[in-house]
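The block underneath contains the structure these notes are about, expressed in structure tokens.
The values are calculated or read from the model by the stated rules, or taken from the named source; none is laboratory data. Predicted model, so just to flag it, every value in this text is computed and none were measured. So basically every Cβ, Gly included, is an ideal-geometry build from the backbone, and we count neighbours across all protein chains shown.
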Amino acid sequence: MKFNSRTILMLVVVVVFAGCAPPKQDVPKAKTYDELVTLFKEWREFQHPQTVEGVPDYSVAAMQKQHAELKKWQQRLQAFDTSGWPVKHQVDWYLIWAEMNGLDFDHRVVRPWANDPAFYVWFYLSPSDVPEREGPNIHGAVDMPFYKQPLSTPEAAEVAIRLRKAGAVYEQAKKNLTGNGKDLWTLGARSIREQTDELKTFAASQEPTYPDLAAAAREAIDAANQFADWVTEQAKTKTGVSGIGKADYDWYLKNVHLVPYTWQEEVVLLERELARAHEAMRLAEYSHRNLPPLPRAPTAEAYAKSQNLAIDEFMKFLGEEMMTVKPYMDPAMRAVIIPFTPLSEPNALRGFFHEVDYRDPMPMRAHFFHWIDKAREIEEPVESPIRRVPLLYNIFDNRAEGMATAMEELVLNAGMLKNRPQVTELVHIMLAQRCARGLGGLYQHGQLMDFDQATKFASKWVPWGLLPADGGTIQHEEHFYVQQPAYGESYVIGKMLIDQLIAEYARQREGKFNLKEFMDEFNQVGIIPVSLVHWQMTGDKSMINRVTAK
């Protein structure tokens, strides 16, 4: 889910950012990049809510206090004169600026602690494929992928203590939650219940070694179920819309996610890409009309073999044609093979991405570039200390999701699929699916559709019936998109911004463009908004200027 030229004069900065930055006051100018790094570390400490007896405090009084104090942090940031700094350091200034705007927007508009019951999910078992867990999430939740497995005895004790805070978390949530968005409440109850499935799995895995930890997980299940029952009852009284509206969406896109488009412009772009994806897919389908349909892998053995061969082919192609491949990348790709799931009946659906993957694994191997990104964060951390930690408010979304989506078409255009002609159909179907579900999210926030209408719209526009409206994929995606503005379309918008970056980068090297050089430089910049990547890699401020323009 998520910049501006820092060479402009500070007087212009104050004028441009009026309304999202505090009035200029008599504050000494800060001059050095090291001072910015210090500010960043202090800002991150401030951004977290205060914790009282192990429970994060999202009470009305605590949130009002934090919002009031935010102005001082914005004032400190505005005191930096960055006009003589290298572009890469100016970029870091804008990352902090966007995060501060994100906290401001949370207080003014989204207010997840008051509007979204799913904000209070307290346990996560599976890892995220992007730098930070998607969506607005409560600070301090038990996120097991951050723990090395198997757990040590001290870590098991720590997790047990944290799990036993669930009851107190949910009691505070009952006081904090006052919103009226019907879809957020109805779907929030489902999210709270779903975490109990992971808690059950976790409890069973820990019982033999750490029975007290397993007991703590079962206590958390009881607390979550009681809270979900309360949310379900409250949801019956809710009547409001859950989308934030077009005007607030426009502000959020530019000031937080640093995307140079408005809500309306994104709708037009995604509608255009949806039509393009359908046309390309149908023409490919027509040209392959004399070929038998792609079969789904029939057995676990056949599926595993196809996955491993696809990774071999993908990594070989990357190394030969696209980028420098490091030893850690192949294991990162092999760690995420999706387990085989037998069909309950011949025509049953496993889920959208399974249906693609079981027909041919190559499109998802391209999208799983995510996991190379994740491994790179550990093995080759970027130079900037500000970029070594995940950006808040999912500001990384258009780079992380945009690049994973772009890779699907990049490898197609670069020739990797020349011996897999029918796989082009799957690539275009995947793009159509992302356009359709992104539009569903935009329509929800534009208050043109509710959740149910958005899921049906997305289902309608995905070929082959691979995305049923009542299926888990679109049900969870459209819920997430109404929780987290800007994320739903970030796959396609991010891809389009990367297209623009490649175009400008290659134009500057007319006749001498080298894909490997581009990708290696791109990968070194970090998981930050593409508008900033564009500026740093090309020196072209056009995207930044569009973000800052009124």
Exercise. Can you name the residue in the stretch 40-65 that is in a helix (DSSP H, G or I) and over 25 Å from the mean Cα position of the chain (by Cα) and is also surrounded by the fewest Cβ atoms within 10 Å (Cβ to Cβ) among such residues?
Worked result: A61
Problem set entry | Single residue of L532, L501, L515 found to be over 18 Å from D250 (Cα atoms) and loosely packed, with under 15 Cβ neighbours inside 10 Å | L515
Exercise. Residue check: is D248 within 25 Å of E478 (Cα to Cα) and either touching a Gly at 6+ places or on another chain (Cβ under 8 Å) or exposed (fewer than 14 other Cβ atoms within 10 Å of the Cβ) (or both)?
Worked result: no
For this session: Take the stretch 251-302 and flag every residue that is surrounded by fewer than 21 Cβ atoms within 10 Å (Cβ to Cβ), part of a helix (DSSP H, G or I) and among the hydroxyl-bearing types (S, T, Y).
Result: Y286, S287
For this session: Using the structure shown, decide if E321 is acidic (D, E), closer than 20 Å to M403 by Cβ, under 23 Å from the mean Cα position of the chain (by Cα) and surrounded by 13 or more Cβ atoms within 10 Å (Cβ to Cβ).
Result: no
Exercise. Being of a type outside the set (A, V, I, L, M, F, W, C), more than 20 Å from A118 (Cβ to Cβ) and not in a helix (DSSP H, G or I), is that true of even one residue in the stretch 229-240?
Worked result: no
Seminar exercise, completed: All-but-one check, T473 against (1) surrounded by fewer than 24 Cβ atoms within 10 Å (Cβ to Cβ); (2) in contact with a Lys or Arg (Cβ under 7 Å, 6 or more places away or on another chain); (3) hydroxyl-bearing (S, T, Y), failing number (2)
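Check A228, A223, A277 and return the single one that is under 30 Å from V423 (Cα atoms) and hydrophobic (A, V, I, L, M, F, W, C).
Details: A228 fails: under 30 Å from V423 (Cα atoms); A223 fails: under 30 Å from V423 (Cα atoms).
From the options A228, A223, A277, the qualifying one is A277.
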Exercise. Do you know which residues across the stretch 287-326 are under 12 Å from D360 (Cβ atoms) and of a type outside the set (F, W, Y)?
Worked result: P293, L294, P295, R296, A297, S306, Q307, L309, A310, E313
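Go through the stretch 518-529 and count every residue that is over 23 Å from the mean Cα position of the chain (by Cα) and exposed (fewer than 15 other Cβ atoms within 10 Å of the Cβ).
0
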Problem set entry | Hits in the stretch 83-112 (condition: at pLDDT 95 or above and not in a helix (DSSP H, G or I)) | W85, P86, R111
